[in-house]
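**Student:** Have a look at this one before I ask anything.
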There are 2 protein chains.
Amino acid sequence: MGETVSEMAQAAIRHGGNLGKARLVFPEAPEPWIDLSTGINPHSYPHSPVPASAFARLPEPGAADELKRLAADHFGAPSAGHVALSPGTQMLMPLLAQIAIQRGAQNGAVLSPAYAEHARTARMAGLAVAEVENFDGLSACGYAVVVNPNNPDGRITDREALLTLARTIGRKGGLVVVDEAFIETGAAESLADAISGDALVVLRSFGKFYGMAGVRLGFAITNPDIAVELEARLGPWAVSGPALHIATEALADREWQSSMRLRLAEDAKRMNDLLEKAGLTMAGGTSLFTLVRDGRAKALFGHLGRHGILTRIFDERPNDTRFGLPGHEEEWQRLEKALSSFNHPSKV
Amino acid sequence: MGETVSEMAQAAIRHGGNLGKARLVFPEAPEPWIDLSTGINPHSYPHSPVPASAFARLPEPGAADELKRLAADHFGAPSAGHVALSPGTQMLMPLLAQIAIQRGAQNGAVLSPAYAEHARTARMAGLAVAEVENFDGLSACGYAVVVNPNNPDGRITDREALLTLARTIGRKGGLVVVDEAFIETGAAESLADAISGDALVVLRSFGKFYGMAGVRLGFAITNPDIAVELEARLGPWAVSGPALHIATEALADREWQSSMRLRLAEDAKRMNDLLEKAGLTMAGGTSLFTLVRDGRAKALFGHLGRHGILTRIFDERPNDTRFGLPGHEEEWQRLEKALSSFNHPSKV
């Protein structure tokens, strides 16, 4: 079954979220597609209409400053000067590796498996990068990356261990990047309030928890010198007017945030129950995604694909499938139905 | 008069478009402010509503590919593979300088005066950068930048001269960047159709002609290897969903483009007549901005500022003031009135 999914297709869907490719690979699948291939909240933040001026005018530096103040408060960073804005944390990754190299780093290490872009961008910047499975393997390098909680397996790294690592690597002049893209789910403890010295960089994502991945917005919380350096490299007006408008509302909306946290926890429980019922073994996750480890991963991907449900498989870990959350009830029911016919192929 | 505008304020408004700062410097100015400090079309492209999914979902790679095909067609580039998308051309500048350095460049030159970010970003990347006033001064370096038509003075550089420069610098393995941010105004001839070899990079801006500076979108048109390299450095999902939606409509809308070109030419004529009537000397421009050269530049800036009209002055050229276009009739009339009272201070 799964063998009909060519290596080409598997490579092409490497990042999740590519429904265009999914339609090519599964041309007979029913529409609309259900995209579970990312860890993005399907319940998007209900922002007010974006004013025309946010599209038309250059983003006002004052609006970016205001968002930084709000972000510092929201994330618990020491000050707005500790925050840099970027059109997605993705774009900060190569810049951070470049800064580490300028400070003398030659080797990088990423606690792995993790979001693959960290290793790619650090290598592109010129570092020799090891993908280490053991946390202790990080301290020998000048540029260390930990995703916390980790994507795709939800692994949580202890705050004290990270602070010790930052001190160790900081003594050599290096950088420790803690990517907290999924931390709003409550699984791990943020280090945004623990910036001291100049070794620690915390990355926060806007798109995932707020379900606003299309606007492209991310934050670095770090020493003010590094924040200034990052923004100098990105240049003026790095973040779009619509992103500033939406995020300024969303970060201030504590009520939405806390009710969403509860809702996602319920959704995640429902997802896990559903996967368990389908006889699949869970290998971790956060409330925005669940990792399934099963020898039938490719077959499962193909089966769900033919039902118009896109999940995320991994070239390098052929037994893993990541499930994001469905949005509305109809999507849940289609998923449940498709999973039950995977267990009982005769029902397909 | 103008002396009340502090150096601090002058520095702070360095880039134009900063109404927040203008309000601080001119607290008594009438609202709404009229922002003439940028060269952005005040008649924004009338796009259809941006669908919620463009904000919520990761931008589809297929949508970016479609925009690249459309852009190649629209700009006359050889193929979609010759186009790289970026959240503003600003962000491409340091990357291009980095690529030039990787290819062996040590020195850069910018035909000046020009948009200041070219020199800043090339220096930041590690090049020694000369700001040369003579075109012939460019050919000795490994990284040359020409803004065509130039901002702020509208200087036009001949197509053949640029192609010769690209051949000369190309033989050394270097890069020539032609920033065509304002070329839609029709003043200069684009090089987008002349990409051959691997030395030439044409930058095109979306925000200026389409009046959509807030969405952050720019294009590099260049050799496919360089396009791939730029996109690898920007990483996946560099351009936002709203930017993809709006630009895909706008680039296909030939009718809007040609009528807008006429409208802007009329607006520019009206602006020039108005400035002339006010006794000011024009030193160049495009249909999106006019450069005035006058010993009273600081006083003029201050006078207009007190009338709630923001223009652009330049630290390094104290006699220059750049005027963008007003939007609607009321703005024109406020500008005319303010200019007339500058000529006759007794009427203030």
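**Student:** If a residue must be open to solvent by less than 30 Å² (accessible area, probe 1.4 Å) and free of Cβ contacts under 8 Å to residues at least 40 places away in the same chain, how many such residues does the range A:126-144 contain?
**Tutor:** Residues in the range A:126-144 being open to solvent by less than 30 Å² (accessible area, probe 1.4 Å) and free of Cβ contacts under 8 Å to residues at least 40 places away in the same chain: 6 in total.
**Student:** Give me a count of the residues in the range A:164-190 that are within 30 Å of residue A:42 (Cα to Cα), without any contact (Cβ under 8 Å) to a residue 40 or more places away in the chain and touching a strand residue (DSSP E or B) at 6+ places or on another chain (Cβ under 7 Å).
**Tutor:** 2
**Student:** Could you give me the residue pairs with C-beta distances under 6 Å whose first residue belongs to the range A:224-242 and is in contact (Cβ under 8 Å) with a residue 40 or more places away in the chain and within 25 Å of residue B:244 (Cβ to Cβ), whose second residue is in a loop (DSSP other than H, G, I, E, B) and of a type in the set (Lys, Arg) wherever it lies, and which are 6+ apart or on separate chains?
**Tutor:** Listed by first residue and then by second, the contacts come to A:240/B:216.
**Student:** Moving on to the next point. Mind listing whichever residues of the range B:100-125 are within 14 Å of chain A (Cβ to nearest Cβ), open to solvent by less than 10 Å² (accessible area, probe 1.4 Å) and of a type in the set (A, V, I, L, M, F, W, C)?
**Tutor:** Within the range B:100-125, B:119, B:122 meet the criteria.
**Student:** Still on this model: Out of the range B:15-39, which residues are on the phi < 0 side of the Ramachandran plot, touching a Leu at 6+ places or on another chain (Cβ under 7 Å) and either within 7 Å of chain A (Cβ to nearest Cβ) or outside any loop (DSSP other than H, G, I, E, B) (or both)? Even if it seems obvious, please write down each step before you answer.
**Tutor:** Residues of the range B:15-39 on the phi < 0 side of the Ramachandran plot: B:15, B:18-39.
So of that shortlist, the ones also touching a Leu at 6+ places or on another chain (Cβ under 7 Å) come out as B:19, B:22, B:33-39.
If the condition is that a residue be on the phi < 0 side of the Ramachandran plot, touching a Leu at 6+ places or on another chain (Cβ under 7 Å) and either within 7 Å of chain A (Cβ to nearest Cβ) or outside any loop (DSSP other than H, G, I, E, B) (or both), then B:19, B:22, B:34, B:35, B:38 are the ones that fit.
**Student:** Return the residue satisfying two criteria in turn: it lies in the range A:174-187 and is open to solvent by 20 Å² or more (accessible area, probe 1.4 Å) and in contact with a helix residue (DSSP H, G or I) (Cβ under 9 Å, 6 or more places away or on another chain), and of such residues it is modelled with the highest pLDDT.
**Tutor:** Within the range A:174-187, the first condition is being open to solvent by 20 Å² or more (accessible area, probe 1.4 Å), and the residues that meet it are A:185-187.
Then keep just the ones that are in contact with a helix residue (DSSP H, G or I) (Cβ under 9 Å, 6 or more places away or on another chain); that gives A:185-186.
Details: A:185: 90, A:186: 87.
So the residue we want is A:185.
**Student:** I would also like to ask the following. With the requirement that a residue be open to solvent by 50 Å² or more (accessible area, probe 1.4 Å) and either at pLDDT below 95 or not acidic (Asp, Glu) (or both), what does the range A:273-298 give you?
**Tutor:** Scanning the range A:273-298 gives A:277, A:281, A:282, A:293, A:295, A:296, A:298.
**Student:** Next up: Against the conditions (1) without any contact (Cβ under 8 Å) to a residue 60 or more places away in the chain; (2) more than 14 Å from chain B (Cβ to nearest Cβ); (3) open to solvent by 10 Å² or more (accessible area, probe 1.4 Å), where does residue A:147 fall short? Just the number, please.
**Tutor:** Only one criterion in (1) without any contact (Cβ under 8 Å) to a residue 60 or more places away in the chain; (2) more than 14 Å from chain B (Cβ to nearest Cβ); (3) open to solvent by 10 Å² or more (accessible area, probe 1.4 Å) is unmet by residue A:147, namely (3).
**Student:** Residues being within 12 Å of another protein chain (Cβ to nearest Cβ) and buried (at least 23 other Cβ atoms within 10 Å of the Cβ): count how many of those fall in the range A:212-229.
**Tutor:** Adding up the residues that qualify gives 7.
**Student:** Residues of the range A:181-211 being assigned to a loop (DSSP other than H, G, I, E, B) and within 14 Å of chain B (Cβ to nearest Cβ), which ones?
**Tutor:** Matches in the range A:181-211: A:181, A:206, A:207, A:208, A:209, A:210, A:211.
**Student:** Quick one: count up the residues across the range B:49-68 that are over 14 Å from residue A:50 (Cβ atoms) and either within 9 Å of another protein chain (Cβ to nearest Cβ) or in contact (Cβ under 8 Å) with a residue 60 or more places away in the chain (or both).
**Tutor:** Within the range B:49-68, residues that are over 14 Å from residue A:50 (Cβ atoms) and either within 9 Å of another protein chain (Cβ to nearest Cβ) or in contact (Cβ under 8 Å) with a residue 60 or more places away in the chain (or both) number 12.
**Student:** Go through the range A:191-238 and report how many residues are at pLDDT below 95 and within 22 Å of residue A:46 (Cβ to Cβ).
**Tutor:** Of the residues in that region, 0 qualify.
**Student:** Hey, another quick one. When you look at residue A:43, is it touching a Lys or Arg at 6+ places or on another chain (Cβ under 8 Å), surrounded by fewer than 21 Cβ atoms within 10 Å (Cβ to Cβ) and assigned to a loop (DSSP other than H, G, I, E, B), yes or no?
**Tutor:** So residue A:43 fits the description; yes.
**Student:** Another question, if that's okay. Pairs please, first residue from the range B:74-89 and without any contact (Cβ under 8 Å) to a residue 40 or more places away in the chain, second anywhere and open to solvent by 10 Å² or more (accessible area, probe 1.4 Å), Cβ atoms under 7 Å, 6+ apart in sequence or on different chains.
**Tutor:** Here the result reads B:80/B:65; B:80/B:68; B:80/B:69, each pair linking the range B:74-89 to a residue that is open to solvent by 10 Å² or more (accessible area, probe 1.4 Å).
**Student:** Here's another thing I want to ask about it. Kindly provide the set of residues from the range A:313-332 that are open to solvent by 30 Å² or more (accessible area, probe 1.4 Å) and under 23 Å from the mean Cα position of the chain (by Cα), ordered by number.
**Tutor:** A:315, A:316, A:317, A:318, A:319, A:328, A:331
The values are calculated or read from the model by the stated rules, or taken from the named source; none is laboratory data. Please read all numbers here as calculations on a predicted model, not as lab measurements. Here the Cβ is made from the backbone with ideal geometry for all residues, glycine too, and neighbour counts use every protein chain on show. Just so you know, the surface numbers come from the protein's heavy atoms only, side chains and all, with ligands and any DNA or RNA stripped out. Shrake-Rupley method; radii C 1.70, N 1.55, O 1.52, S 1.80 Å.
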